[in-house]
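Right, one structure below, let's go through it.
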Amino acid sequence: MLYQIIALLLWSSAFIAAKYAYTMTDPLLMLLCRLLLAAILVLPAALRFGRGLEKRHWRPLLWLSFCNYVVVLALQFVGLKYTSAASASTIVGLEPLLMVFIGHFFFHDRARWYHWLCGLAAFVGVALLIGGGGGEGGVSLLGCLLVFGGGIVFCATMRPTQRMVAQIGAPAFTSLSMAVAPLLCLPVSLAFADSLHINWNLPGTLGLLYLGVCCSWLSYTLWNKGMSSVPANFSGMLTASEPVFGTLLAVLVLGERVSALSWLGIALVIAATAVAVVAPKLLEKRQAA
(Lines give C-alpha, C1' and ligand atoms only; values in the text may rest on other atoms or scores of the structure.)
Protein backbone atom coordinates (compact mmCIF):
# COMPACT_ATOMS: atom_id res chain seq x y z
CA MET A 1 0.00 0.00 0.00
CA LEU A 2 2.86 2.39 0.81
CA TYR A 3 4.21 2.08 -2.76
CA GLN A 4 0.86 3.11 -4.25
CA ILE A 5 0.38 5.97 -1.82
CA ILE A 6 3.79 7.37 -2.81
CA ALA A 7 2.90 6.91 -6.50
CA LEU A 8 -0.35 8.83 -6.03
CA LEU A 9 1.44 11.65 -4.22
CA LEU A 10 3.86 11.90 -7.14
CA TRP A 11 1.07 11.91 -9.74
CA SER A 12 -0.85 14.49 -7.70
CA SER A 13 2.12 16.83 -7.81
CA ALA A 14 2.58 16.55 -11.61
CA PHE A 15 0.38 19.57 -12.37
CA ILE A 16 2.32 21.67 -9.86
CA ALA A 17 5.67 20.71 -11.41
CA ALA A 18 4.24 21.40 -14.88
CA LYS A 19 3.30 24.97 -13.90
CA TYR A 20 7.00 25.59 -13.14
CA ALA A 21 8.07 23.90 -16.39
CA TYR A 22 5.71 26.18 -18.35
CA THR A 23 7.84 29.16 -17.34
CA MET A 24 10.44 28.03 -19.85
CA THR A 25 8.72 25.94 -22.53
CA ASP A 26 5.50 25.02 -24.34
CA PRO A 27 3.37 22.21 -22.79
CA LEU A 28 3.83 19.88 -25.78
CA LEU A 29 7.58 20.40 -25.84
CA MET A 30 7.63 19.84 -22.09
CA LEU A 31 5.74 16.58 -22.62
CA LEU A 32 8.28 15.42 -25.20
CA CYS A 33 11.18 16.14 -22.83
CA ARG A 34 9.39 14.43 -19.95
CA LEU A 35 8.76 11.28 -21.97
CA LEU A 36 12.34 11.28 -23.24
CA LEU A 37 13.71 11.35 -19.68
CA ALA A 38 11.48 8.45 -18.66
CA ALA A 39 12.43 6.50 -21.81
CA ILE A 40 16.14 6.80 -21.01
CA LEU A 41 15.55 5.37 -17.54
CA VAL A 42 13.56 2.34 -18.79
CA LEU A 43 15.71 1.70 -21.89
CA PRO A 44 17.79 -1.21 -20.46
CA ALA A 45 14.63 -3.07 -19.40
CA ALA A 46 12.87 -2.21 -22.66
CA LEU A 47 15.73 -3.66 -24.73
CA ARG A 48 15.61 -6.85 -22.68
CA PHE A 49 11.84 -7.30 -22.98
CA GLY A 50 11.70 -6.10 -26.58
CA ARG A 51 13.86 -8.94 -27.87
CA GLY A 52 11.38 -11.52 -26.58
CA LEU A 53 8.14 -9.75 -27.50
CA GLU A 54 6.07 -11.51 -30.14
CA LYS A 55 5.49 -9.56 -33.35
CA ARG A 56 1.69 -9.63 -32.94
CA HIS A 57 1.95 -7.62 -29.71
CA TRP A 58 3.81 -4.64 -31.16
CA ARG A 59 0.94 -2.98 -33.00
CA PRO A 60 -1.50 -2.84 -30.02
CA LEU A 61 1.38 -1.83 -27.74
CA LEU A 62 2.22 1.14 -29.98
CA TRP A 63 -1.42 2.23 -30.13
CA LEU A 64 -1.84 1.99 -26.37
CA SER A 65 1.40 3.84 -25.75
CA PHE A 66 0.29 6.62 -28.10
CA CYS A 67 -3.11 6.93 -26.42
CA ASN A 68 -1.90 6.66 -22.81
CA TYR A 69 1.24 8.78 -22.97
CA VAL A 70 0.71 11.14 -25.90
CA VAL A 71 -3.02 11.79 -26.30
CA VAL A 72 -3.96 11.64 -22.60
CA LEU A 73 -1.02 13.68 -21.33
CA ALA A 74 -1.15 16.17 -24.21
CA LEU A 75 -4.81 16.94 -23.52
CA GLN A 76 -4.27 17.18 -19.78
CA PHE A 77 -1.16 19.34 -19.85
CA VAL A 78 -2.30 21.63 -22.66
CA GLY A 79 -5.53 22.04 -20.69
CA LEU A 80 -3.49 22.85 -17.59
CA LYS A 81 -1.96 25.78 -19.47
CA TYR A 82 -5.37 27.47 -19.50
CA THR A 83 -6.68 26.57 -16.05
CA SER A 84 -5.53 26.25 -12.45
CA ALA A 85 -3.77 23.18 -11.08
CA ALA A 86 -6.52 22.82 -8.45
CA SER A 87 -9.27 22.66 -11.08
CA ALA A 88 -7.27 20.27 -13.29
CA SER A 89 -6.69 17.93 -10.33
CA THR A 90 -10.42 17.97 -9.56
CA ILE A 91 -11.35 17.10 -13.16
CA VAL A 92 -8.87 14.21 -13.08
CA GLY A 93 -10.72 13.02 -9.98
CA LEU A 94 -13.72 12.22 -12.18
CA GLU A 95 -11.86 9.31 -13.79
CA PRO A 96 -13.24 6.52 -11.53
CA LEU A 97 -16.78 7.60 -12.50
CA LEU A 98 -15.84 7.99 -16.16
CA MET A 99 -14.51 4.44 -16.07
CA VAL A 100 -17.90 3.17 -14.91
CA PHE A 101 -19.90 5.08 -17.52
CA ILE A 102 -17.61 4.14 -20.41
CA GLY A 103 -17.91 0.52 -19.29
CA HIS A 104 -21.71 0.87 -19.22
CA PHE A 105 -22.05 2.26 -22.75
CA PHE A 106 -19.25 0.44 -24.56
CA PHE A 107 -18.22 -2.69 -22.63
CA HIS A 108 -21.54 -4.01 -21.23
CA ASP A 109 -20.50 -3.39 -17.60
CA ARG A 110 -23.79 -2.01 -16.29
CA ALA A 111 -23.62 0.99 -13.98
CA ARG A 112 -25.64 0.77 -10.75
CA TRP A 113 -28.12 3.37 -9.50
CA TYR A 114 -25.59 4.89 -7.13
CA HIS A 115 -23.14 5.44 -9.99
CA TRP A 116 -25.71 7.58 -11.81
CA LEU A 117 -26.52 9.51 -8.63
CA CYS A 118 -22.83 10.11 -7.86
CA GLY A 119 -22.20 11.05 -11.49
CA LEU A 120 -24.92 13.69 -11.37
CA ALA A 121 -23.51 15.08 -8.11
CA ALA A 122 -19.97 15.11 -9.53
CA PHE A 123 -20.93 17.04 -12.65
CA VAL A 124 -22.89 19.54 -10.56
CA GLY A 125 -19.66 19.92 -8.59
CA VAL A 126 -17.73 20.61 -11.81
CA ALA A 127 -20.29 23.26 -12.79
CA LEU A 128 -19.83 24.93 -9.40
CA LEU A 129 -16.05 24.70 -9.74
CA ILE A 130 -16.08 26.43 -13.13
CA GLY A 131 -18.80 28.87 -12.07
CA GLY A 132 -16.73 29.88 -9.03
CA GLY A 133 -13.83 30.71 -11.36
CA GLY A 134 -11.82 33.75 -10.46
CA GLY A 135 -9.10 33.67 -7.88
CA GLU A 136 -5.43 33.39 -8.60
CA GLY A 137 -4.72 30.88 -11.35
CA GLY A 138 -8.32 31.11 -12.60
CA VAL A 139 -10.62 28.32 -13.76
CA SER A 140 -11.05 28.01 -17.53
CA LEU A 141 -13.85 26.08 -19.25
CA LEU A 142 -11.55 25.31 -22.19
CA GLY A 143 -8.80 24.05 -19.88
CA CYS A 144 -11.22 21.89 -17.91
CA LEU A 145 -12.71 20.44 -21.11
CA LEU A 146 -9.25 19.47 -22.41
CA VAL A 147 -8.33 17.80 -19.10
CA PHE A 148 -11.73 16.06 -19.15
CA GLY A 149 -11.05 14.82 -22.68
CA GLY A 150 -7.76 13.34 -21.51
CA GLY A 151 -9.64 11.51 -18.77
CA ILE A 152 -12.10 10.06 -21.30
CA VAL A 153 -9.27 8.71 -23.48
CA PHE A 154 -7.49 7.27 -20.42
CA CYS A 155 -10.63 5.47 -19.23
CA ALA A 156 -11.49 4.23 -22.73
CA THR A 157 -8.07 2.60 -23.10
CA MET A 158 -7.95 1.11 -19.60
CA ARG A 159 -9.54 -2.22 -20.47
CA PRO A 160 -7.38 -2.84 -23.59
CA THR A 161 -4.36 -1.85 -21.49
CA GLN A 162 -5.29 -4.36 -18.78
CA ARG A 163 -5.61 -7.11 -21.40
CA MET A 164 -2.21 -6.21 -22.84
CA VAL A 165 -0.61 -6.23 -19.38
CA ALA A 166 -2.14 -9.65 -18.70
CA GLN A 167 -0.64 -10.97 -21.95
CA ILE A 168 2.94 -9.66 -21.71
CA GLY A 169 3.29 -8.70 -18.03
CA ALA A 170 3.37 -5.32 -16.26
CA PRO A 171 7.19 -4.83 -16.31
CA ALA A 172 7.38 -5.49 -20.06
CA PHE A 173 4.41 -3.27 -20.89
CA THR A 174 5.57 -0.41 -18.67
CA SER A 175 9.13 -0.34 -19.97
CA LEU A 176 8.30 -0.88 -23.65
CA SER A 177 5.41 1.60 -23.76
CA MET A 178 7.52 4.26 -22.03
CA ALA A 179 10.48 3.59 -24.33
CA VAL A 180 8.50 4.18 -27.54
CA ALA A 181 6.41 7.08 -26.17
CA PRO A 182 8.84 9.93 -27.06
CA LEU A 183 9.13 8.65 -30.65
CA LEU A 184 5.33 8.73 -30.94
CA CYS A 185 5.16 12.15 -29.27
CA LEU A 186 7.82 13.76 -31.47
CA PRO A 187 5.63 14.51 -34.55
CA VAL A 188 2.79 15.77 -32.32
CA SER A 189 5.09 18.17 -30.45
CA LEU A 190 6.75 19.42 -33.63
CA ALA A 191 3.42 19.97 -35.39
CA PHE A 192 1.34 21.52 -32.61
CA ALA A 193 3.70 23.20 -30.12
CA ASP A 194 3.30 26.98 -30.18
CA SER A 195 7.07 27.37 -29.85
CA LEU A 196 10.07 25.05 -29.95
CA HIS A 197 12.19 27.47 -27.94
CA ILE A 198 13.29 26.59 -24.40
CA ASN A 199 14.02 29.54 -22.12
CA TRP A 200 16.06 27.64 -19.54
CA ASN A 201 15.65 28.58 -15.88
CA LEU A 202 16.24 26.70 -12.63
CA PRO A 203 12.60 26.25 -11.42
CA GLY A 204 11.49 25.11 -14.87
CA THR A 205 14.40 22.70 -15.25
CA LEU A 206 13.78 21.17 -11.81
CA GLY A 207 10.08 20.86 -12.63
CA LEU A 208 10.87 19.10 -15.90
CA LEU A 209 13.30 16.69 -14.24
CA TYR A 210 10.74 15.96 -11.54
CA LEU A 211 8.09 15.20 -14.16
CA GLY A 212 10.34 12.85 -16.12
CA VAL A 213 11.95 10.99 -13.23
CA CYS A 214 9.41 11.06 -10.41
CA CYS A 215 6.01 11.51 -12.06
CA SER A 216 6.73 9.11 -14.93
CA TRP A 217 9.40 6.48 -14.27
CA LEU A 218 9.29 6.24 -10.45
CA SER A 219 5.54 6.59 -9.99
CA TYR A 220 4.63 3.90 -12.55
CA THR A 221 7.29 1.59 -11.13
CA LEU A 222 5.96 1.98 -7.58
CA TRP A 223 2.33 1.65 -8.66
CA ASN A 224 2.96 -1.59 -10.55
CA LYS A 225 4.99 -2.93 -7.63
CA GLY A 226 2.10 -2.21 -5.27
CA MET A 227 -0.42 -3.86 -7.61
CA SER A 228 1.05 -7.26 -6.77
CA SER A 229 0.04 -6.99 -3.10
CA VAL A 230 -2.85 -4.50 -2.91
CA PRO A 231 -6.42 -5.58 -3.85
CA ALA A 232 -7.86 -3.84 -6.90
CA ASN A 233 -10.77 -2.39 -4.89
CA PHE A 234 -8.38 -0.73 -2.47
CA SER A 235 -6.33 0.64 -5.37
CA GLY A 236 -9.52 2.23 -6.67
CA MET A 237 -10.15 3.85 -3.30
CA LEU A 238 -6.62 5.26 -3.30
CA THR A 239 -7.08 6.65 -6.81
CA ALA A 240 -10.17 8.53 -5.65
CA SER A 241 -7.97 10.42 -3.17
CA GLU A 242 -5.66 11.82 -5.88
CA PRO A 243 -7.60 15.08 -6.40
CA VAL A 244 -7.44 15.76 -2.66
CA PHE A 245 -3.63 15.70 -2.73
CA GLY A 246 -3.48 17.64 -6.00
CA THR A 247 -5.77 20.43 -4.82
CA LEU A 248 -4.00 20.83 -1.48
CA LEU A 249 -0.61 20.99 -3.20
CA ALA A 250 -1.89 23.59 -5.66
CA VAL A 251 -3.00 25.81 -2.79
CA LEU A 252 0.03 25.23 -0.56
CA VAL A 253 2.84 25.19 -3.15
CA LEU A 254 1.55 27.41 -5.96
CA GLY A 255 -0.48 29.66 -3.69
CA GLU A 256 -3.59 29.32 -5.86
CA ARG A 257 -6.66 31.00 -4.41
CA VAL A 258 -9.93 29.13 -4.71
CA SER A 259 -13.29 30.84 -4.31
CA ALA A 260 -15.86 29.53 -1.84
CA LEU A 261 -18.12 28.34 -4.68
CA SER A 262 -15.24 26.49 -6.32
CA TRP A 263 -14.31 24.88 -3.00
CA LEU A 264 -17.90 23.64 -2.74
CA GLY A 265 -17.63 22.17 -6.24
CA ILE A 266 -14.30 20.51 -5.48
CA ALA A 267 -15.69 18.97 -2.29
CA LEU A 268 -18.75 17.69 -4.15
CA VAL A 269 -16.66 16.06 -6.89
CA ILE A 270 -14.34 14.38 -4.38
CA ALA A 271 -17.22 13.19 -2.18
CA ALA A 272 -19.21 11.82 -5.14
CA THR A 273 -16.22 9.93 -6.52
CA ALA A 274 -15.31 8.51 -3.12
CA VAL A 275 -18.89 7.30 -2.53
CA ALA A 276 -18.99 5.68 -5.98
CA VAL A 277 -15.79 3.78 -5.22
CA VAL A 278 -16.73 2.72 -1.68
CA ALA A 279 -20.45 1.99 -2.26
CA PRO A 280 -20.04 -1.43 -3.98
CA LYS A 281 -17.97 -2.77 -1.08
CA LEU A 282 -20.42 -1.49 1.54
CA LEU A 283 -23.41 -2.98 -0.33
CA GLU A 284 -21.63 -6.33 -0.64
CA LYS A 285 -21.01 -6.41 3.11
CA ARG A 286 -24.63 -5.51 3.84
CA GLN A 287 -25.91 -8.26 1.53
CA ALA A 288 -23.51 -10.79 3.06
CA ALA A 289 -24.72 -9.89 6.55
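A few notes on this one:
- The trypsin sites (Lys or Arg not before Pro) found in the stretch 239-289 that occupy coil by DSSP, while having at most 15 further C-beta atoms within 10 Å, are Arg257.
- Mean ellipticity per residue at 222 nm, deg cm²/dmol - from DSSP H runs of n ≥ 4 across the chain, formula -39500 (n - 2.57): -25500 deg cm²/dmol
- Highest-MSF residue in the chain out of Val72, Val244, Val124 [GNM, Cα springs under 10 Å]: Val124
- If the chain linking Leu36 and Ile198 were pulled fully straight, counting 0.36 nm for each residue of separation and taking away their Cα-Cα distance, it would gain 56.8 nm.
- For the residues Trp217, Trp263, Trp113, a GNM of the chain with alpha-carbon springs under 10 Å puts the largest fluctuation on Trp113.
- Span-like helix criteria (full DSSP H runs; alpha carbon extent of at least 27 Å along the helix axis; mean Kyte-Doolittle hydropathy of at least 0.0) are satisfied in the chain by 27-52, 113-132, 170-192, 260-288.
- Shape of the stretch 1-147, Cα gyration tensor, a/c cut at 1.5: oblate
- Of the solvent-accessible surface of the stretch 246-289, computed with a 1.4 Å probe and all protein chains present, 68% belongs to carbon and sulfur.
- GNM result for the chain, Cα springs below 10 Å: residue of Ala166, Ala85, Ala274 fluctuating most strongly: Ala166
- Relative to the current alpha-carbon distance between Trp116 and Ala271, full extension at 0.36 nm per residue lengthens the span by 54.4 nm.
- Reported label for calculated log10 I(q)/I(0) by the Debye sum over Cα atoms at q = 0.09, 0.11, 0.12, 0.16 Å⁻¹ given [x] -0.42, -0.64, -0.77, -1.37; [y] -0.56, -0.77, -0.87, -1.19; [z] -0.45, -0.66, -0.77, -1.21: [x]
- Carbon + sulfur, % of accessible area of the stretch 117-201 - ligands and nucleic acids excluded, 1.4 Å: 72 percent
The values are calculated or read from the model by the stated rules, or taken from the named source; none is laboratory data. Computed from a predicted model, the values in this text were never measured in an experiment. Cβ atoms come from the backbone with ideal geometry, glycine included; neighbour counts cover every protein chain shown. Heavy atoms of the whole protein, side chains included, go into the accessibility calculation; ligands, DNA and RNA do not. Shrake-Rupley method; radii C 1.70, N 1.55, O 1.52, S 1.80 Å.
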